[in-house]
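The values are calculated or read from the model by the stated rules, or taken from the named source; none is laboratory data. Note that this is a predicted model, so its numbers are computed, not measured. Neighbour counts run over all protein chains shown; Cβ positions are idealised from the backbone, glycine included. All accessible areas refer to the heavy atoms of the entire protein, side chains included, with ligands and DNA or RNA removed. Shrake-Rupley method; radii C 1.70, N 1.55, O 1.52, S 1.80 Å.
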Amino acid sequence: MTDEFAKTVNRIISDMYQAISNVNTTVLLIDSSGTINCIWRNLSSLEQYMLNAAVGEEIFKCEPSSRILMRAITSECFVEDIVKINSGESMAILGISIHVEDTEELGGLGVFMPFERENIDSARGLIKITAATLEGQWRAIYHKRNYEQLYRNFSGVMGTLSAGIVVTDKNLAVAHINDAAVKLLRLEHRELIGENIDLCLHSGGMFLHILQNLQDNVGTKRNIQLEGTDIECEIYPIYKGAAEEDCEGLIIKLNPPRHLKLDKRSKRHMGVHFHFGDIHGKSKGIQEAIRLGKIASESLSNVLILGESGTGKELFAQAIHNYSVRREGPFVTVNCGALREELVEYELLGCEERMPGGADIMGKQGKFEQANGGTLFLDEIGDMSADSQAILLRVLQNQEIVRTGGSKKIKVNVRIIAATNRNMDQLVQEHKFRGDLYYRLNVFTLNLPSLADRKEDILLLSDYFIKNYSETLGKPAKRLSSDVAKLLFDYDWPGNIRELKNVIQRAVNISRENVILPEDLPLNLQSFKAGKSQAGMSKTKVIPKISSLNKVQQLEKNAIVEALNKCNGNISKTAEFLGLNRRTLYRRMDNYGIDAKQYKT
């Protein structure tokens with residue numbers, strides 16, 4: 001690194017460090033071998049955020065958590081990771097390679113900072129623009145070209161990162177584009193980089209006209225129409241050198257109109273109102289699920305949520321959406337198990353012809369188009385038919401759809417969150433679910449614990465539901481009696497949180513006292529209490545006879561027998577059919593003296 005370039009690097013990265021404005025941030029410049037060249041840090045930063053690193057050391061030896069930076073250099077890409085530190089807090093590590101002409105590599109840039117969601121977005125933009133600026137300065141020095149004006153323009157872009165920013169070269173080919181612009185244009189980076197901006201935005205040569213008449217159009221504002229929506233563009237030239245001549249391209253700032261922002265907000269609140277703060281529980285399992293859910297939110301990858309019925313899979317899906325960069329976009333839900341076979345294509349892809357039955361809905365958008373720019377939540381993905389799986393895989397591969405009866409290809413930009421209570425690995429092995437689709441969906445897996453596995457949360461959740469339903473139903477504040485609290489804690493909750501909510505709602509409705517008593521609970525919980533009392537009176541296990549069962553127990557036994565008949569004695573299928581876990585089903589079969597072998601065919 002020459003002295004001239006070293007001074008330039010110090011100035012540019014110092015500006016970035018000041019812009020991040022967090023005293024606990026450390027910035028490293030490393031060469032292609034991983035050796036630290038420069039460090040920017042604040043000596044007053046907290047101890048847990050102080051890196052054990054010095055100039056001249058190899059980064060992966062002195063700071064193990066920073067191995068990810070070497071991947072940025074070797075893969076020539078932007079990388080990001082979140083690690084736990086000793087205090088129990090999290091630190092974000094951002095890294096990006098710095099290279100020129102795809103051959104001469106300078107090294108990489110690493111940022112270590114506290115993981116604070118409100119600051120991480122701007123930090124991503126700053127490190128990317130800083131890396132691009134360093135590469136530009138390298139070219140300027142070693143090819144005798146002066147890009148000081150380009151640097152100043154990039155500095156101006158830093159202050160507008162929340163807006164959509166597109167940078168073109170002098171031929172109007174897109175050179176840089178930020179995430180906000182990608183989201184607004186509903187296209188992928190790869191579809192825009194290198195393409196002519198007039199063609200991308202269907203602007204009829206507007207940007208070419210501005211480029212050819214710069215004196216009359218500096219800082220001009222123009223509107224373009226994209227998919228029926230007016231988007232305001234602010235256009236600024238990029239000049240070569242200090243003199244305002246020899247334009248090298250344009251910086252285009254895209255501003256969505258006010259009514260579009262309002263539409264997006266209203267779309268967001270139409271049934272998509274759950275956030276991570278709405279997920280209650282202190283158990284290790286649920287806290288880990290929340291932690292991983294937030295990490296998944298920061299990614300653009302597909303998410304697969306696994307858990308028994310009633311564990312809150314849709315709640316987590318909404319929380320991930322509302323915590324992600326797509327939070328202002330639509331959230332569309334599809335119940336895969338309820339899709340009618342003959343209408344699958346119409347529902348998912350939309351149509352340009354009449355649907356079966358003669359309904360006149362030509363030109364209807366399908367679920368993928370409705371979710372464009374947002375999230376498509378595929379509930380009960382394990383129940384999706386083979387035809388539906390083929391359609392979904394095709395869209396995920398091509399990122400485009402063709403409406404049924406139509407021929408026009410329509411690009412879609414959708415993030416998939418899928419959920420199921422079924423064993424997906426087993427379905428793949430049994431050839432009931434496509435392996436190629438499963439591996440596309442299973443990029444980021446989230447396992448939700450059953451309520452039986454988070455016993456310490458049962459009473460906390462009960463108190464929360466009591467307060468909530470008391471306010472909603474206009475009932476006096478109530479509390480659980482000690483007998484009810486013990487019963488709720490001991491019960492195994494096959495229906496999970498959904499069952500607990502229903503039990504509490506019923507109790508709040510019918511309780512005549514300020515204390516919820518056992519008689520305020522459903523009959524199955526009362527019989528569970530009676531069964532526990534009876535079991536406690538005898539040291540030997542007694543299998544009840546049909547004549548000794550009460551009405552509720554008899555109905556339950558009949559339901560189990562009927563399900564076993566339908567499922568040919570298969571325990572897994574019977575448990576799924578009844579909405580129980582296998583452990584609970586085995587115990588109840590044992591109690592009622594039911595032998596699954598009798599029902600195998």
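Straightening the chain between SER32 and GLU314 buys 97.1 nm, computed as 0.36 nm per residue apart minus the Cα-Cα spacing. Shown is the FRET efficiency for ASN447 and VAL83, computed with R0 = 30 Å from the Cβ-Cβ distance and rounded to the nearest 0.05: 0.90.
Summarising the amide proton neighbourhood of GLU57: residues at separation of 5 or more, or on other chains, whose placed amide H is nearer than 5 Å comprise ILE36. LEU555 sits with roughly 110 Å² accessible to a 1.4 Å probe, with DNA, RNA and ligands left out of the calculation.
Annotation for VAL55 and HIS209: the two label points, set 7 Å from Cα along the Cα-Cβ direction, are 5.4 nm apart. Accessible area ranking (1.4 Å probe, heavy atoms, ligands and nucleic acids excluded), largest first, for TYR346, TYR464, TYR491: TYR464, TYR346, TYR491. Evaluating 6.51 cos²θ - 1.76 cosθ + 1.60 at θ = phi - 60° for every residue in the range 578-586, the Karplus couplings come out as 8, x, 10, 8, 4, 4, 5, 4, 4 Hz, glycine and proline recorded as x.
Counting only protein heavy atoms and using a 1.4 Å probe, the accessible area of PHE316 comes to about 0 Å². Net charge in the neighbourhood of ILE466 (other residues with Cβ under 12 Å of its Cβ; Lys, Arg +1, Asp, Glu -1) is +3. A full extension of the chain between PHE489 and ILE193 corresponds to an added length of 100.8 nm, given 0.36 nm per residue minus the alpha carbon distance. Here the label points at THR74 and ASN468, each 7 Å from Cα along the C-beta direction, are separated by 4.7 nm in the simple model. Projected label points at ASN514 and ASP121, each 7 Å from Cα along the beta carbon direction, are separated by 4.6 nanometres. Of the listed residues VAL182, VAL325, the order by accessible area with a 1.4 Å probe, largest first, is VAL325, VAL182.
When the surface is traced with a 1.4 Å probe over the full set of protein chains, SER32 keeps roughly 60 Å² accessible.
In terms of accessible area, using a 1.4 Å probe and ignoring ligands and nucleic acids, LYS557, LYS501 rank largest first as LYS501, LYS557.
Between CYS247 and ARG422, the contour length at 0.36 nm per residue exceeds the alpha carbon distance by 57.1 nm.
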